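Scroll down for the structure; my scribbles are underneath it.
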Amino acid sequence: MSTPIVHLRPGHVQPIWAGHPWVYAQAIARIEGAAPTPGDEVRVVDPHGHSLGRGFYSPRKAIPVRLFTRDDAESLDDDLWLVDRLQRALARRRAIGLPAAIDPARRTDGYRLLHAEGDFVPGLVVDCFGVDDDGRGGVVVVQVGTAGLRRRAALLVSAIEKTLAPSAIIDRTTTSVAQGEGFTLAPGTFDRGKAESLRFRERGLSYEIPLEIGQKTGFYFDQRGLRDRVETLARDRKVLDTYCYVGPIALAAARGGARSVLAIDDSMKALEVGAANARANGLKVAFERGDVRKELPKLAALGERFDLVILDPPKLAPTRGDRDAAAQYQTKLVEAACAVTAKDGLLVVCSCSTALGMPELARSLAIGARKGGRVATVLERLGQGPDHPVPAAFPEGIYLSTLIAELGGG
């Protein structure tokens, strides 16, 4: 059966030609050949019939095609292209020093190996935990976000086993993604081997995270740069880490020589794991359960003041339609945090939503600080780590924004 051909409208070609991996529904003029079903391979061509690439079809989505290759000779129905992508991703990580094995005191053997569009496999995330010096072994966690890849589960598992030789593969694909893509989420589709927890080291700190509490793929590798910076800034400071999850930022602050560290989250299990990890690393961190929105006013009423406050909430704006509400939420968080931040103290604000990027985050910081009677001066800007690459033609892939600001007044 011939491969269906997706013809683009005039005026919609340049982003794809430049390297953008998504074909939006409004860009499609017509489809030549049999109507593709979810997960079918299709060719994409410009109005003159020139090939732009091949990808998988998702008819339920506003993005019906995600391009996986620009090479018409590359078949997407064997595992060679997936092996190639994984090998290239391994080489890319080695080039940026991952895994970091030279200095045992700073070893990092847990990181994101394959970051969807950034490593030319849209919809696929592969995180590795506890790999050897060559980036092999350990536990691999995958999230599959397209029907095309889900249909090719056997190819994906084969490519991972050939390239990485992991002791276990864990599937963390979400129900919401499956429903949106139109495939049935059968638990264990990609699971291979057995693992009870995720064990790894990051910048010399050891972690063990039970599988049952893991957020997303299990750990937020994208904030490694912020953890490193907080460790440097924390010396002799009183630190408050909110939305702490299992406490990696809090642990970094404690190792950096903070006078004290208070970490708050609403998940008791996550706090228990964080406390266990702190003990395992010989670090002192106070973990407390609570709703950050309620705990900040309580701390302010008690007269508590911190020299360094971190606000790293979960995703507030999953879509652009949520942006205004998310910005208001972020603004209120900043206002509340001002009341517990010492004079000329540091406030770190983060957004993991593309729709709430650096400009929107800066606006929320400025307005929230002003409402809190403070003036915010941005000292540093950070984003997702280098193991979360983004094609230059794909600004939608830049999703993590962090501002480190000094709060004057107060």
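The values are calculated or read from the model by the stated rules, or taken from the named source; none is laboratory data. No experiment lies behind these values; they were computed from the predicted model shown. Cβ: placed from backbone, ideal geometry, glycine included. Neighbour counts: every protein chain shown.
General remarks:
- Any chance Thr232 is farther than 22 Å from Arg106 by Cβ and either assigned by TED's automatic domain parsing to the domain that holds Ala168 or not charged (D, E, K, R) (or both): no
- In the stretch 398-407 there is at least one residue matching the filter, namely being over 21 Å from Ala337 (Cβ atoms) and either in contact with a strand residue (DSSP E or B) (Cβ under 8 Å, 6 or more places away or on another chain) or among the hydrophobic types (A, V, I, L, M, F, W, C) (or both).
- For the stretch 36-51, the set of residues classified as more than 23 Å from Ala153 (Cα to Cα) and aliphatic (A, V, I, L, M) consists of Val44, Val45, listed by residue number.
- Residues that are out of contact with any Asp or Glu (no Cβ under 6 Å at 6 or more places or on another chain), in contact (Cβ under 8 Å) with a residue 40 or more places away in the chain and outside any loop (DSSP other than H, G, I, E, B) were ranked within the stretch 144-153; the one that is surrounded by the fewest Cβ atoms within 10 Å (Cβ to Cβ) is Arg151.
- Test for Ala276: is it assigned to a helix (DSSP H, G or I) and either surrounded by fewer than 23 Cβ atoms within 10 Å (Cβ to Cβ) or at pLDDT 95 or above (or both): yes
- Residue in the stretch 339-348 that is assigned to a strand (DSSP E or B), surrounded by fewer than 22 Cβ atoms within 10 Å (Cβ to Cβ) and among the hydrophobic types (A, V, I, L, M, F, W, C) present: yes
- For the stretch 212-230, taking the residues that are in a helix (DSSP H, G or I) and farther than 16 Å from Gly385 by Cα, the one that is modelled with the lowest pLDDT is identified as Ile213.
- Look at (1) surrounded by fewer than 20 Cβ atoms within 10 Å (Cβ to Cβ); (2) touching a helix residue (DSSP H, G or I) at 6+ places or on another chain (Cβ under 9 Å) and you find that Pro64 fails only one, number (1).
So that you can scan it fast, the table gives a plain yes or no per residue for (1) of a type outside the set (D, E, K, R); (2) within 22 Å of the chain's Cα centre (by Cα); (3) assigned by TED's automatic domain parsing to the domain that holds Ala91:
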| site | (1), (2), (3) |
| --- | --- |
| Thr146 | yes, yes, yes |
| Arg152 | no, no, yes |
| Ala159 | yes, no, yes |
| Ala165 | yes, no, yes |
| Arg172 | no, yes, yes |
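For (1) closer than 21 Å to Thr146 by Cα; (2) assigned by TED's automatic domain parsing to the domain that holds Val157; (3) at pLDDT 90 or above, each residue gets a yes or a no:
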residue: Ala34; (1), (2), (3): yes, no, yes
residue: Pro47; (1), (2), (3): no, no, yes
residue: Ser51; (1), (2), (3): no, no, yes
residue: Gly55; (1), (2), (3): yes, no, yes
residue: Lys61; (1), (2), (3): yes, no, no
residue: Asp84; (1), (2), (3): yes, yes, yes
residue: Ala89; (1), (2), (3): yes, yes, yes
residue: Gly97; (1), (2), (3): no, yes, yes
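- For the stretch 302-327, the set of residues classified as more than 18 Å from Arg374 (Cβ to Cβ), modelled with pLDDT of 90 or more and exposed (fewer than 15 other Cβ atoms within 10 Å of the Cβ) consists of Leu302 only.
- Any hit, the stretch 154-171, residues being touching a residue at least 40 places away in the same chain (Cβ under 8 Å), surrounded by fewer than 23 Cβ atoms within 10 Å (Cβ to Cβ) and closer than 20 Å to Glu212 by Cβ: no
Residues checked against (1) in contact with a Gly (Cβ under 7 Å, 6 or more places away or on another chain); (2) touching a residue at least 60 places away in the same chain (Cβ under 8 Å):
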{"residue": "Val140", "(1), (2)": "no, no"}
{"residue": "Gly182", "(1), (2)": "no, yes"}
{"residue": "Arg199", "(1), (2)": "yes, yes"}
{"residue": "Gly204", "(1), (2)": "no, yes"}
{"residue": "Pro210", "(1), (2)": "no, yes"}
{"residue": "Ile213", "(1), (2)": "no, yes"}
{"residue": "Phe221", "(1), (2)": "yes, yes"}
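This table checks each residue for (1) of a type outside the set (D, E, K, R); (2) closer than 23 Å to Leu80 by Cα; (3) at pLDDT 95 or above.
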| residue | (1), (2), (3) |
| --- | --- |
| Asp133 | no, no, no |
| Leu149 | yes, yes, no |
| Arg152 | no, yes, no |
| Ala168 | yes, yes, yes |
| Gln179 | yes, no, no |
| Gly182 | yes, no, no |
| Phe190 | yes, yes, no |
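- The stretch 286-340 - residue that is small (Gly, Ala, Ser) and under 22 Å from the mean Cα position of the chain (by Cα) and, of those, farthest from Ala254 (Cα to Cα): Gly321
- From Gly137, Gly130, Gly118, residue being within 17 Å of Arg93 (Cα to Cα) and either touching a His at 6+ places or on another chain (Cβ under 8 Å) or aromatic (Phe, Trp, Tyr) (or both): Gly118
- Of all residue pairs spaced 6 or more apart or on separate chains, those with beta-carbon atoms under 6 Å, a first member in the stretch 1-24 that is in the same structural domain as Ile63 (by TED's automatic domain parsing) and closer than 20 Å to Gly145 by Cβ and a second member that is of a type in the set (Asp, Glu) and modelled with pLDDT of 95 or more are Pro21/Glu117.
- Residue in the stretch 44-58 that is surrounded by fewer than 17 Cβ atoms within 10 Å (Cβ to Cβ) and within 24 Å of the chain's Cα centre (by Cα) present: no
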